[in-house]
Amino acid sequence: MEIISQLLPFVFLIAIMYFVIIRPQQKELKEKQEMLAALKKGDKVVTNGGFIVTVNKVEENFLSVKLNDDTIVKIEKDAISKRYEA
């Protein structure tokens, strides 16, 4: 009985850490993966560098994006921060 009373605070701390830190991070990661999977040509997105670009072509691990009318570059999907909502 004494062992249980000593371990109870640790179990409580682990439970708090799970619900405050781990679970929200997993949810955010899942939402980002769903957003990346749903990208299509013409979508506007924000890169990690802060550029607002238009998706030109979706590939397996990369996106071809238009910076302006003349410039098309290829970036990794991981470089996308969020979908641009104007």
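Taken over the stretch 56-80, residues that are farther than 17 Å from Glu34 by Cβ and either of a type in the set (Ser, Thr, Tyr) or in contact with an Asp or Glu (Cβ under 9 Å, 6 or more places away or on another chain) (or both) amount to 4.
Residues are listed down the side, and each one gets a yes or a no for (1) closer than 19 Å to Glu85 by Cβ; (2) of a type in the set (Asp, Glu); (3) touching a strand residue (DSSP E or B) at 6+ places or on another chain (Cβ under 9 Å):
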{"site": "Val11", "(1), (2), (3)": "no, no, no"}
{"site": "Tyr18", "(1), (2), (3)": "no, no, no"}
{"site": "Asn56", "(1), (2), (3)": "no, no, yes"}
{"site": "Leu63", "(1), (2), (3)": "yes, no, yes"}
{"site": "Leu67", "(1), (2), (3)": "no, no, yes"}
{"site": "Ile72", "(1), (2), (3)": "no, no, yes"}
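Contact annotation: residue pairs with Cβ atoms under 8 Å, 6 or more positions apart or on different chains, pairing a residue in the stretch 45-61 that is charged (D, E, K, R) with a partner that is in a loop (DSSP other than H, G, I, E, B), are Lys57/Lys41.
Quick note: the coordinates plus some simple rules give every number you see, no bench work behind them. The structure presented is a predicted model; accordingly, all values stated were derived computationally and were not measured. Note: ideal-geometry Cβ built from the backbone for every residue, glycine included; neighbour counts use all protein chains shown.
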